[in-house]
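> Attaching a single structure in structure tokens format; questions to follow.
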Amino acid sequence: MRKPTFKQRFQYWFDNYMSKGPIAMIGGLAVVSIVIILIAAAIISIGGIATDGNDVPSFGEAAWISLMRAMDAGNVSGDSDISLRFVTFIVTLSGIFILSALIGVLSNGLESRIEQLRKGRSLILENDHTLILGWTPQIFTIISEIVTANESRKSGAVIVVLADQDKVEMEDAIRERIPEWKNTRIICRSGSPMDMTDLEIASPHTARSIIVLSDGTDPDTHVIKAVLAITNNPNRHEKPYHIVTQIRDPQNMDVIKLLSENDNVQPILTTDLIARVVAQTSRQSGLSVVYTELMDFGGDEIYFKREPNLSGKTFGEALLAYETSTLMGIRKADGSIMMNPPMDTRIQSSDEIFAIAEDDDKINLSNLSRIPLEDSLILKNGKTSKPKTERGLILGWNRSGATIIRELDNYVAKGSELIVVSNIDNLGQQIQGAVGKLKNQKLKVMEGDIRDRALLNKLEVTEFDHVIVLAYSHLDVQEADAITLVTLLHLRDIAEKDETPFSIISEMLNLRNRELAEAAKVDDFIVSEHLISLMLAQLSENPALMDVFTDLFDPEGAEVYLKPIGDYVATDHPLNFYTVTEAARRRGETPIGYRLMSESHNAEKAYGVHTNPNKAEKVIFKPEDKLIVISEG
């Protein structure tokens, strides 16, 4: 084998040295400059070249003269000795070359650094921040809610976003959709949430909460890998991580539970939750607004508080102990939730109450010596309105459909009817296998194009109590939402031309399409992952709410109902909410608000929904108004 030549060795060494970056280049130029200056100084000093004063300078003085000529080419014009001119001219030419090269290196280094910053690859040095992993349309709702939640933090707050997107594009999109950040700083970084190296950029080990968005073509796999990258990280801390995420396939919940053994991983089962919300909101006008009011940070929220003064008192007594807060239930010392417990349940000193309030520091006992009840206005033998048979119509189909049918069967009166219309082959057999035997409603399956106006007219949709439009999950998201949108427009047109009220509950897969199709009617509610986004934001701020939400949406436990207020108190008389609370308490129900039907078309007044009302304020209720209660049925 032939040995490399000196030229080849030098070239190889030079290439390796230059590849070390701008610092190495600057160091090399500095060394070259020093060598040239020292050589010139030696020639001037040792060679006896006189300067303008006709004296031969010392070596140090000669080095200074050479340095000045290298830095400023104009100094050469002042040299009179021909030998000195020659030496300083060479030094000046070298200085010009070195200075030009230095400017080029600095310029390239600065440009490279700016490009690196633009790529969002620099390390985050934050503590107690909220970390969001992934990029979906949900992120705008989540960030907006967290910004609102952090308004009360005097020291401000930080949200860090790590996603496989361009940093500048993410920042521009967030500023466009959320112009007001208030006292929150938002930092974006580019990288894969599933890559441990990229994950370190966002400093997950110092975050107070982590939200993992379900991104990509296989969202559950994305979530599982991202959670693994956090929990199995060699740099992880010993304390449990607080991770909030969402899962679409119920089978993947077991995997998430395995990852939750040492950490607090809270997954929301999206399909089941949306199905339950669809079933519940389709039957109760205004329930969608109640859920939104409880979930967002814009108004009153749910807080936990330990109240020693309630120790030994019953839950029924505690319901009347607050004027500006509304109790929902008790959290026991072991963490278990009792939503709307029996009224004679004793509150222990180790228990916490959870209530709807403006802020956690606003949950204060009223300490009234006498509760201002108007007992004469409470209906002593108030009869509960008998449930009526209902007719429901489901247009379209996806895997949430079977859950919706089962949920509806638990709520509707015996003898109700449900019709499903879809263009999916053999859907009837699929439904029968997935749903099983129904006890309260008769099911009929038809085939047809739900966008066909003639078909909708033939079905006589105005004769139904509620219509549910489901997005086809086997189609592309945009195509499925387009079908839903066309169907929705036909239904809205039919509803406007008919005096018979029927609710329209539709499902949008894409949040942007939801905004496009948004309606100004409370009975025309669009279910999407907007509600999931609100829950993710709430859980990231308060993980204890997971059990509350689970109980709230669980058909086996207590749920939210809107019932005729005329079943509880006398209408057309001014009365306070203390009296209404007492009327509900006597029935074993927890009241959390009311709905005035005179405001049902006013979006600015939340369609008449008033949660956590001041119990001392008097209201004149009409027979058609509703009381919002938490009860077993």
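Condition check ((1) more than 30 Å from ASN398 (Cβ to Cβ); (2) over 20 Å from the mean Cα position of the chain (by Cα)) across all residues:
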{"residue": "SER203", "(1), (2)": "yes, no"}
{"residue": "VAL212", "(1), (2)": "no, no"}
{"residue": "VAL223", "(1), (2)": "no, no"}
{"residue": "GLU238", "(1), (2)": "yes, yes"}
{"residue": "TYR241", "(1), (2)": "yes, no"}
{"residue": "GLN246", "(1), (2)": "no, no"}
{"residue": "PRO250", "(1), (2)": "no, yes"}
{"residue": "ILE256", "(1), (2)": "no, no"}
{"residue": "SER260", "(1), (2)": "no, yes"}
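> Which numbered condition trips up ALA279, out of (1) over 25 Å from GLN348 (Cβ atoms); (2) small (Gly, Ala, Ser); (3) part of a strand (DSSP E or B)?
(3)
> Right, something else. Restricting to the stretch 387-404, count the residues that are crowded, with 21+ Cβ neighbours inside 10 Å and more than 29 Å from the chain's Cα centre (by Cα).
4
> Can you tell me which residue within the stretch 493-517, out of those that are surrounded by 16 or more Cβ atoms within 10 Å (Cβ to Cβ), of a type outside the set (A, V, I, L, M) and closer than 15 Å to ILE450 by Cα, is farthest from the chain's Cα centre (by Cα)?
Just the residues of the stretch 493-517 that are surrounded by 16 or more Cβ atoms within 10 Å (Cβ to Cβ), to begin with: 494-495, 502-511, 513-514, 517.
Applying the additional criterion that residues be of a type outside the set (A, V, I, L, M) yields 502-503, 506-507, 510, 513-514.
Keeping just the survivors that are closer than 15 Å to ILE450 by Cα gives 506-507.
Values: SER506: 22, GLU507: 19 Å.
The qualifying residue farthest from the chain's Cα centre (by Cα) is SER506.
> Of all the helices (runs of 4 or more DSSP H) wholly in the stretch 525-632, which have at least 2 residues that are within 24 Å of the chain's Cα centre (by Cα) and farther than 22 Å from ASP360 by Cα? So that I can check it myself, show each step before the final result.
Numbers: elements: 530-541, 545-553, 577-585.
Filter on the stretch 525-632 gives 530-541.
> Then there is this: Hey, among LYS605, LYS622, which residue is more than 30 Å from LEU485 (Cβ to Cβ) and either modelled with pLDDT under 95 or among the basic types (Lys, Arg) (or both)?
Values: LYS605 fails: more than 30 Å from LEU485 (Cβ to Cβ).
Checking each option against the conditions leaves just LYS622.
> Separate question: Test GLU323 against the criterion of being touching a Ser or Thr at 6+ places or on another chain (Cβ under 6 Å) and farther than 30 Å from ARG370 by Cβ, and give yes or no.
Values: touching a Ser or Thr at 6+ places or on another chain (Cβ under 6 Å): yes; farther than 30 Å from ARG370 by Cβ: no.
No, not satisfied.
> Are any residues in the stretch 487-499 under 18 Å from PHE525 (Cβ atoms) and in contact (Cβ under 8 Å) with a residue 24 or more places away in the chain, and if so, which ones? Walk me through it before giving the result.
Initially, the stretch 487-499 is screened for residues under 18 Å from PHE525 (Cβ atoms), giving 487-496.
Within the stretch 487-499, THR487, LEU488, HIS490, LEU491, ARG492, ILE494, ALA495 meet the criteria.
> Within the stretch 503-514, can one find any residue that is in contact with a His (Cβ under 7 Å, 6 or more places away or on another chain), farther than 22 Å from ALA149 by Cα and at pLDDT below 80? Talk me through it step by step, then tell me what you get.
So the first thing to find is which residues in the stretch 503-514 are in contact with a His (Cβ under 7 Å, 6 or more places away or on another chain), and the list is 503, 505, 511, 514.
Next, from what is left, pick out any that are farther than 22 Å from ALA149 by Cα: 503, 505, 514.
Okay, now just the ones that are also at pLDDT below 80, so 514.
The answer is yes; a qualifying residue exists.
> So which of GLY53, GLY74 is modelled with pLDDT under 70, loosely packed, with under 14 Cβ neighbours inside 10 Å, more than 60 Å from the chain's Cα centre (by Cα) and part of a helix (DSSP H, G or I)? Before you say what the answer is, go through the steps one by one.
Details: GLY53 fails: part of a helix (DSSP H, G or I).
Checking each option against the conditions leaves just GLY74.
> Looking only at the stretch 272-283, decide whether some residue is more than 18 Å from VAL560 (Cα to Cα), under 25 Å from the mean Cα position of the chain (by Cα) and among the hydrophobic types (A, V, I, L, M, F, W, C).
Step one: of the stretch 272-283, the residues more than 18 Å from VAL560 (Cα to Cα) are none.
No, the stretch 272-283 contains no residue that is more than 18 Å from VAL560 (Cα to Cα), under 25 Å from the mean Cα position of the chain (by Cα) and among the hydrophobic types (A, V, I, L, M, F, W, C).
> If you go through the stretch 150-171, how many residues are surrounded by 14 or more Cβ atoms within 10 Å (Cβ to Cβ) and under 20 Å from ILE210 (Cα atoms)?
Result for the stretch 150-171: 13.
> Let me ask you something else. Just one of ILE174, ILE230, ILE178 is surrounded by 15 or more Cβ atoms within 10 Å (Cβ to Cβ) and more than 30 Å from ASP524 (Cα to Cα); which is it?
Details: ILE174 fails: more than 30 Å from ASP524 (Cα to Cα); ILE178 fails: more than 30 Å from ASP524 (Cα to Cα).
The conditions single out ILE230.
> So which residues in the stretch 332-346 are touching a residue at least 40 places away in the same chain (Cβ under 8 Å) and surrounded by fewer than 22 Cβ atoms within 10 Å (Cβ to Cβ)?
Initial filter on the stretch 332-346 (touching a residue at least 40 places away in the same chain (Cβ under 8 Å)): 335-337, 339-340, 342-343.
Scanning the stretch 332-346 gives GLY335, SER336, PRO342, MET343.
Table: residues versus (1) surrounded by 19 or more Cβ atoms within 10 Å (Cβ to Cβ); (2) among the hydroxyl-bearing types (Ser, Thr, Tyr); (3) out of contact with any Phe, Trp or Tyr (no Cβ under 6 Å at 6 or more places or on another chain); (4) under 30 Å from LYS225 (Cβ atoms).
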site: SER260; (1), (2), (3), (4): no, yes, yes, yes
site: GLN266; (1), (2), (3), (4): yes, no, yes, yes
site: ILE274; (1), (2), (3), (4): yes, no, yes, yes
site: THR281; (1), (2), (3), (4): yes, yes, no, no
site: MET295; (1), (2), (3), (4): yes, no, yes, yes
site: GLU307; (1), (2), (3), (4): yes, no, yes, no
site: SER311; (1), (2), (3), (4): no, yes, yes, no
site: PHE315; (1), (2), (3), (4): yes, no, yes, no
site: ALA318; (1), (2), (3), (4): yes, no, yes, no
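> Find all pairs meeting these conditions: Cβ atoms under 6 angstrom apart; at least six residues apart or on different chains; first residue within the stretch 534-563 and assigned by TED's automatic domain parsing to the domain that holds PHE140 and over 24 Å from LEU511 (Cα atoms); second residue among the basic types (Lys, Arg) and surrounded by 18 or more Cβ atoms within 10 Å (Cβ to Cβ).
Here the result reads none, with nothing in the stretch 534-563 linked to a residue that is among the basic types (Lys, Arg) and surrounded by 18 or more Cβ atoms within 10 Å (Cβ to Cβ).
> Criterion first (closer than 23 Å to ILE247 by Cβ, in contact with an Asp or Glu (Cβ under 8 Å, 6 or more places away or on another chain) and either of a type in the set (D, E, K, R) or at pLDDT below 90 (or both)) does LEU534 satisfy it?
Values: closer than 23 Å to ILE247 by Cβ: yes; in contact with an Asp or Glu (Cβ under 8 Å, 6 or more places away or on another chain): yes; either of a type in the set (D, E, K, R) or at pLDDT below 90 (or both): no.
It is false that LEU534 is closer than 23 Å to ILE247 by Cβ, in contact with an Asp or Glu (Cβ under 8 Å, 6 or more places away or on another chain) and either of a type in the set (D, E, K, R) or at pLDDT below 90 (or both).
> For the stretch 136-191, name all the residues that are among the hydroxyl-bearing types (Ser, Thr, Tyr) and either over 17 Å from ASP296 (Cα atoms) or in contact with a His (Cβ under 8 Å, 6 or more places away or on another chain) (or both). First the steps, then the outcome.
Restricting attention to the stretch 136-191, the residues satisfying the condition of being among the hydroxyl-bearing types (Ser, Thr, Tyr) are 136, 141, 144, 148, 152, 155, 184, 190.
Selection gives THR136, THR141, SER155, THR184, SER190.
> Kindly list the number of the only condition in (1) modelled with pLDDT under 90; (2) out of contact with any Leu (no Cβ under 7 Å at 6 or more places or on another chain); (3) not hydroxyl-bearing (Ser, Thr, Tyr) that fails for ASN423.
Just one mismatch for ASN423, condition (1).
The values are calculated or read from the model by the stated rules, or taken from the named source; none is laboratory data. What you see is a predicted model; the values in this text were computed from it and never measured. For neighbour counting, all protein chains shown are included, and Cβ atoms are generated from backbone atoms with ideal geometry for every residue, glycine included.
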